[in-house]
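> Take this structure, written in structure tokens, and hold onto it; I'll ask about it next.
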Amino acid sequence: MEPIAGAILAGGESRRMGRTKALIEVDGVPMVQRVAHALRAGGCGDIALVGGSSSELASLGLPVVTDDAPGEGPLGGVITALRHFAAASQVLVAACDLPLLDAATVAEMLRVARAEPERAATVAQTDWVEPGLVVWNRASLGTLDALFAAGERAVHRVLGQLDTQLVRVEAEVLTNVNRPLDVPGSDEAGQ
């Protein structure tokens, strides 16, 4: 069974948060490390951070890959991840601001992606499609490059143009943290 690589999108300006989201702690652990742990425990092979400041993120002990298109949205990060893991036929790409992501959800995403490896993407779904947790088929890189070159930046719109399959996941597991009030179990709301 070929390992599926894991990439965590750690770039972005964090305008609503006011500081680097990847490093915000939930229960004493930076969010990006919580996501990395879920990817590793769920069965991902190599794991890397994509985007963000390598000097800020270096202390986390994970490889940091420079985003090929910084400031151009998450699709550029997805493309960067697929290029970085050139030997992997599939790469699970997760947003860094999913602190409640768990190993069981990651394992189910990988299981479904392996069952139909020809699909361009295996996408998490709650009440809606969740572009922050997707297993991408590296064979889709040419299509993604073309869409990016044509001006597309939104992952959810790209997914609508590809052969995808959906994996039903619990909404709580994909709780997205964008503002201090969103941080679970911390005193961020008071800062």
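Derivation of every value follows stated rules applied to the coordinates shown; laboratory data play no part. Bear in mind the structure is a predicted one, so any value in this text is a computation, not a measurement. Neighbour counts run over all protein chains shown; Cβ positions are idealised from the backbone, glycine included.
> Could you work out the relative contact order of the chain, using alpha carbon pairs under 8 angstrom and six or more residues apart, expressed as a whole percent?
Result for the chain is 25 percent.
> Sticking with this one: For LEU100, enumerate residues with amide H under 5 Å from its amide H, sequence gap 5+ or separate chain, H modeled in the peptide plane.
THR175
> Describe numerically, in nm with one decimal, the distance between label points set 7 Å from Cα along Cα→Cβ at LEU166 and at ALA69.
The two pseudo-label positions are separated by 2.6 nm.
> Find how much the distance from ALA58 to ALA154 grows on full extension, using 0.36 nm per residue of separation minus their present alpha carbon separation; answer in nm with one decimal.
That works out to 31.8 nm of additional length.
> Let me ask you something else. Please sort 168-174, 22-28 by packing, taking for each peptide the average over its residues of neighbouring beta carbons within 10 angstrom, highest first.
Peptide ranking by packing, descending: 22-28, 168-174.
> Can you bin region 54-119 into rounded, prolate or oblate? Criterion: square roots of the alpha carbon gyration tensor eigenvalues sorted a ≥ b ≥ c, rounded for a/c under 1.5, prolate for a/b above b/c, oblate for the rest.
oblate
> How do the peptides 79-87, 158-166, 115-123 rank, highest first, by the average count of neighbouring beta carbon atoms within 10 Å per residue?
Order by mean packing, descending: 79-87, 115-123, 158-166.
> Run the numbers for ALA146 and ARG83: contour at 0.36 nm per residue of separation, minus the present Cα-Cα distance, in nm.
So the extension gain works out to 21.3 nm.
> So what is the calculated 222 nm ellipticity per residue for the chain, using -39500 (n - 2.57) for each DSSP H run with n of 4 or more, over all residues, to the nearest 500 deg cm²/dmol?
Value at 222 nm, helices only, nearest 500: -8000 deg cm²/dmol.
> Rounded, prolate or oblate: which one fits region 120-160, using the alpha carbon gyration tensor with axes a ≥ b ≥ c (rounded when a/c is under 1.5, else prolate when a/b beats b/c, else oblate)?
Oblate, since a/c reaches 1.5 and b/c is not below a/b.
> Using packing as a proxy for protection, rank 102-109, 145-152, 131-138 so that the peptide with the highest average count of other Cβ atoms within 10 Å comes first.
131-138, 102-109, 145-152
> Would you please classify the overall shape of region 1-115 from the alpha carbon gyration tensor, given that a ≥ b ≥ c denote the square roots of the eigenvalues, rounded means a/c under 1.5, and beyond that prolate means a/b larger than b/c while oblate covers the rest?
It is oblate, given that a/c is not under 1.5 and a/b is not larger than b/c.
> I'd like to know which of GLY142, LEU60, PRO99 lies farthest towards the positive end of the charge dipole of region 5-179, counting +1 on Cβ of Lys and Arg and -1 on Cβ of Asp and Glu.
LEU60
> Dipole size in debye (nearest 20) for the chain around its Cα centre, Lys and Arg Cβ +1, Asp and Glu Cβ -1?
So the magnitude is around 200 debye.
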